[in-house]
Amino acid sequence: MLSTQNYTALPDMAGLRRLCQSLAVLDAINSQDLEYRYYTFDPNWDLGEALFEMNDGEGDQLMVLFREEGCCINGYLDGYDQPEKAQVTRGLPEVFDEFIFGEPVSSIGTTFCLWYTPAHGWQTGILPDEDDGSEELLFIFDGNPETYAEWANEYYIDETDRDPIDAGTVAHIYQHEPLTKELVKELIDPLDDWAQLETDLQEIGYPYQFA
């Protein structure tokens with residue numbers, strides 16, 4: 001299970017960025033109402049920066065900043081003690097200081113922090129003695145389509161009349177295949193608003209062919 005104790009199993013930066021885009025696309029299909037999505041991706045969050053966010057609406061939040069120099073993960077789990085921030089960010093490259101110590105991360109909080117640079121791969125600071133709950137947020141980054149399908153079937157499909165999401169369909173999107181109407185219909189049929197989905201895909205930066 002991915003966690004701050006097992007972070008070397010995370011994808012490299014390029015792989016994580018692609019996975020984050022795929023998760024945002026899957027959520028854009030499963031919930032056309034942005035308010036109810038778990039995962040979002042903004043490739044133009046700031047100049048030279050892209051941002052992936054997980055927000056469960058109940059206090060838990062994960063943000064991943066992507067820059068040319070690398071990427072940085074900030075995780076916050078409601079109910080967990082926040083460790084000394086200077087400890088969990090020990091060794092953090094200066095290029096990520098504004099993200100980790102500025103807003104909105106400063107107001108959200110930090111229960112764990114990880115970062116990646118091409119020269120050194122994944123790293124973290126000094127880990128707290130107690131469980132930081134990181135596996136509860138990082139599990140989705142294992143790259144296994146079954147993981148998303150199982151989670152989404154519980155979050156989006158449970159107590160509805162929709163057909164369960166098939167991991168094979170998720171796999172096509174994890175592989176960054178251009179999204180087609182046929183592939184969308186394998187996830188949800190009918191889709192309420194195709195124009196909205198096109199807008200979402202353009203904003204996420206994911207390829208599609210709806211013609």
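What follows is calculated from the coordinates using simple rules that are stated; it is not laboratory data. All values reported here derive from a predicted model rather than from experimental measurement. Heads up, the Cβs are rebuilt from the backbone with ideal geometry, glycines too, and the neighbour counts pull from every protein chain shown.
Sort through 56, 78, 33, 46 and tell me the only one that's surrounded by fewer than 19 Cβ atoms within 10 Å (Cβ to Cβ), under 28 Å from residue 190 (Cβ atoms) and either in contact (Cβ under 8 Å) with a residue 24 or more places away in the chain or more than 14 Å from the chain's Cα centre (by Cα) (or both).
Only one candidate passes the filter, namely 33.
Considering only residues that are in contact with a Cys (Cβ under 8 Å, 6 or more places away or on another chain) and not polar (S, T, N, Q), look in segment 107-127 and name the one that is surrounded by the most Cβ atoms within 10 Å (Cβ to Cβ). Full working, then the answer.
So in segment 107-127, the residues in contact with a Cys (Cβ under 8 Å, 6 or more places away or on another chain) come out as 113-116, 124-125.
Of the ones still in play, those that are also not polar (S, T, N, Q) are 113-116, 125.
Details: 113: 26, 114: 22, 115: 28, 116: 23, 125: 20.
For segment 107-127, the residue satisfying everything is 115.
I want to confirm something. Restricting to segment 128-144 and keeping residues that are touching an Asp or Glu at 6+ places or on another chain (Cβ under 9 Å) and in a helix (DSSP H, G or I), which single residue is surrounded by the most Cβ atoms within 10 Å (Cβ to Cβ)?
Checked segment 128-144; the qualifying residue surrounded by the most Cβ atoms within 10 Å (Cβ to Cβ) is 137.
Among (1) under 19 Å from residue 60 (Cα atoms); (2) in a loop (DSSP other than H, G, I, E, B), where does residue 99 come up short?
Unmet for residue 99, out of (1) under 19 Å from residue 60 (Cα atoms); (2) in a loop (DSSP other than H, G, I, E, B): (2).
Scan segment 175-207 residue by residue and report those that are outside any loop (DSSP other than H, G, I, E, B) and crowded, with 19+ Cβ neighbours inside 10 Å.
From segment 175-207, those outside any loop (DSSP other than H, G, I, E, B) are 179-187, 194-204; that's our starting set.
Once the filter is applied, which keeps residues that are outside any loop (DSSP other than H, G, I, E, B) and crowded, with 19+ Cβ neighbours inside 10 Å, segment 175-207 yields 179, 184, 187, 197, 200, 201, 204.
Taking the condition of being over 18 Å from residue 174 (Cα atoms) and of a type in the set (Phe, Trp, Tyr), how many residues in segment 193-211 meet it?
2
Give me a count of the residues in segment 94-112 that are of a type in the set (A, V, I, L, M, F, W, C), over 14 Å from residue 66 (Cα atoms) and in contact with a strand residue (DSSP E or B) (Cβ under 7 Å, 6 or more places away or on another chain). Lay out the reasoning, then the answer.
Taking segment 94-112 first, the residues of a type in the set (A, V, I, L, M, F, W, C) are 95-96, 99-101, 105, 108, 112.
Subsequent filtering for residues that are over 14 Å from residue 66 (Cα atoms) retains 101, 105, 108, 112.
So of that shortlist, the ones also in contact with a strand residue (DSSP E or B) (Cβ under 7 Å, 6 or more places away or on another chain) come out as 105, 108, 112.
Matching residues across segment 94-112 total 3.
Condition check: among the aliphatic types (A, V, I, L, M) and either outside any strand (DSSP E or B) or more than 17 Å from residue 141 (Cα to Cα) (or both). Does residue 25 satisfy that? Write out each step before concluding.
Details: among the aliphatic types (A, V, I, L, M): yes; either outside any strand (DSSP E or B) or more than 17 Å from residue 141 (Cα to Cα) (or both): yes.
Yes: the conditions hold for residue 25.
Matching residues to (1) within 20 Å of residue 141 (Cβ to Cβ); (2) under 12 Å from the mean Cα position of the chain (by Cα):
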site	(1), (2)
4	yes, no
8	yes, no
13	yes, no
51	yes, yes
61	yes, yes
90	no, no
103	no, no
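Among the residues in segment 89-106, are any among the hydroxyl-bearing types (Ser, Thr, Tyr), surrounded by 21 or more Cβ atoms within 10 Å (Cβ to Cβ) and on the phi < 0 side of the Ramachandran plot?
Taking segment 89-106 first, the residues among the hydroxyl-bearing types (Ser, Thr, Tyr) are 89, 106.
Checking the rest, the ones that are also surrounded by 21 or more Cβ atoms within 10 Å (Cβ to Cβ) come to 89.
Then keep just the ones that are on the phi < 0 side of the Ramachandran plot; that gives 89.
Yes, the conditions are met somewhere in segment 89-106.
Could you say whether any residue in segment 157-173 is out of contact with any Asp or Glu (no Cβ under 7 Å at 6 or more places or on another chain), of a type outside the set (A, V, I, L, M, F, W, C), in contact (Cβ under 8 Å) with a residue 60 or more places away in the chain and surrounded by 14 or more Cβ atoms within 10 Å (Cβ to Cβ)?
Checked segment 157-173: no residue is out of contact with any Asp or Glu (no Cβ under 7 Å at 6 or more places or on another chain), of a type outside the set (A, V, I, L, M, F, W, C), in contact (Cβ under 8 Å) with a residue 60 or more places away in the chain and surrounded by 14 or more Cβ atoms within 10 Å (Cβ to Cβ).
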